[in-house]
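Below is one structure, written out as structure tokens; the observations come after it.
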Amino acid sequence: MLRRSLMLVATLAVALTLAAGASSKTAAFPITIHAANGDVVVKQQPTRIVSLSPTATEDLFAVGAGKQVIAVDEDSDYPKSAPRTKLSGFTPNAEAVAAYNPDLVVVSNDGGIVGQLQKLGVTVLLEPAADNVAQAYDEIRQLGAATGHGPGATKVVHGMESKLTKLIRSVPKSRRRLRVFHELSPDYYSATSATFIGRVYKLFGFTNIADAADATHTGYPQLSGEYILSANPQLVVLSDSVCCGQTAAKVALRPGWQQVAAVRQHRVVAVDDSVASRWGPRLIAFAQTVAAVARKSG
């Protein structure tokens, strides 16, 4: 009799535990996400997500929502397992997106697509290009919460924060003032400290040579070859390696560049264009590359 009672108590305990777990799992929805397009209510955990943003795609898979993603835009090339389609993130077509019968669509640009999809009854989150690292972290948290992967998002953000701090500290103080030139294209377009990637350099303490050349304050000035040579950057980061085939060897062959400090000190590095242009988890891979080159002895 005692044994039967104990078994009954144990069974009830397990049942209550499972019920509590199920309750906590469903209690997160509906949830309100404070996105760039206002307060968006996600009524239930989405299972048919369409991402029209390469960064959002990376964020979704990083937090653990990959299996809920049914389609991504043509530029979402990472991770390789992402269900890539011909959908455009720059000139999206609402009907083409709606044809996938999504219960959540994530975009980074809004040329009217948000309103068009909302009229069709589709829940949309606008997660635009981040201005700084803190905003990038916020977007990861928002996507985690919206998909039912809040803890996963928290883990991703904490990991990024920890790794980025270690990478910044790995650069000796004597290199914290390196003059950096971030090359967007072979015709010398660059990014200033007012941009997301420029703020990453600022975290390291680097001096961005593009800042003084941005007379119109666009954040992306075109520098002249003469200006770059006179600024004599000590670190050159090529984010035009994939699009335009730029390498450290090619840079060394440019007229007058043999005397540039970065060339002489072997601090010219090529990075994957997509890694350098996105604000998701692979920011750490970018920071690792930059830190490794900055640590090189002159």
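None of LEU52, LEU87 is more than 16 Å from ARG141 (Cβ to Cβ) and touching a Gly at 6+ places or on another chain (Cβ under 6 Å) except LEU52.
Yes or no: the stretch 37-53 includes at least one residue that is modelled with pLDDT under 95 and either hydrophobic (A, V, I, L, M, F, W, C) or surrounded by 10 or more Cβ atoms within 10 Å (Cβ to Cβ) (or both). Looking for residues that are modelled with pLDDT under 95 and either hydrophobic (A, V, I, L, M, F, W, C) or surrounded by 10 or more Cβ atoms within 10 Å (Cβ to Cβ) (or both), one finds none in the stretch 37-53, hence no. Restricting the stretch 220-243 to residues that are assigned to a loop (DSSP other than H, G, I, E, B) and under 28 Å from SER162 (Cα atoms), which is most open to solvent (accessible area, probe 1.4 Å)? Across the stretch 220-243, the extreme among qualifying residues is GLN234.
Each residue in the stretch 100-120 was checked for being open to solvent by 20 Å² or more (accessible area, probe 1.4 Å), over 22 Å from ILE31 (Cβ atoms) and within 24 Å of the chain's Cα centre (by Cα), and 3 pass.
Of all the numbered requirements in (1) in contact with a helix residue (DSSP H, G or I) (Cβ under 8 Å, 6 or more places away or on another chain); (2) more than 16 Å from VAL40 (Cβ to Cβ), ILE113 misses one, and that requirement is (2). One residue stands out in the stretch 48-104 among those that are aliphatic (A, V, I, L, M) and part of a loop (DSSP other than H, G, I, E, B): the one that is farthest from GLY159 (Cα to Cα), namely ALA99.
Being more than 14 Å from VAL269 (Cβ to Cβ) and part of a helix (DSSP H, G or I) is the requirement here; does LYS250 meet it?
Numbers: more than 14 Å from VAL269 (Cβ to Cβ): no; part of a helix (DSSP H, G or I): yes.
For LYS250, the condition - more than 14 Å from VAL269 (Cβ to Cβ) and part of a helix (DSSP H, G or I) - is not met.
In the stretch 175-186, the condition of being more than 27 Å from LEU253 (Cα to Cα), open to solvent by 30 Å² or more (accessible area, probe 1.4 Å) and either of a type outside the set (S, T, N, Q) or at pLDDT 95 or above (or both) is met by at least one residue. Is at least one residue of the stretch 148-156 of a type in the set (Val, Ile, Thr), modelled with pLDDT of 95 or more and open to solvent by 10 Å² or more (accessible area, probe 1.4 Å)? Yes; the residues of the stretch 148-156 include at least one that is of a type in the set (Val, Ile, Thr), modelled with pLDDT of 95 or more and open to solvent by 10 Å² or more (accessible area, probe 1.4 Å).
Restricting the stretch 270-298 to residues that are touching a strand residue (DSSP E or B) at 6+ places or on another chain (Cβ under 7 Å) and in a helix (DSSP H, G or I) leaves a set whose member that is most open to solvent (accessible area, probe 1.4 Å) is THR289.
Only one residue in ILE197, ILE140 is at pLDDT 95 or above, aliphatic (A, V, I, L, M), open to solvent by less than 30 Å² (accessible area, probe 1.4 Å) and touching a His at 6+ places or on another chain (Cβ under 9 Å). Which one? Walk me through how you get there before you give the answer.
Values: ILE140 fails: touching a His at 6+ places or on another chain (Cβ under 9 Å).
Answer to the selection: ILE197.
In the stretch 247-269, which residue that is open to solvent by 50 Å² or more (accessible area, probe 1.4 Å) and among the aliphatic types (A, V, I, L, M) is farthest from SER297 (Cα to Cα)?
Taking the stretch 247-269 first, the residues open to solvent by 50 Å² or more (accessible area, probe 1.4 Å) are 247, 249-250, 253, 255, 258-259, 264, 266.
Of the ones still in play, those that are also among the aliphatic types (A, V, I, L, M) are 249, 253.
Details: ALA249: 19, LEU253: 22 Å.
The extreme case among them is LEU253.
The values are calculated or read from the model by the stated rules, or taken from the named source; none is laboratory data. Note that the structure is predicted; figures quoted are calculated from it, not measured. Because the Cβ atoms are built from the backbone with ideal geometry, glycine has one as well, and the counts that use them run over all protein chains shown. What goes into the accessible areas is simple: the full protein's heavy atoms, side chains included, and nothing from ligands, DNA or RNA. Shrake-Rupley method; radii C 1.70, N 1.55, O 1.52, S 1.80 Å.
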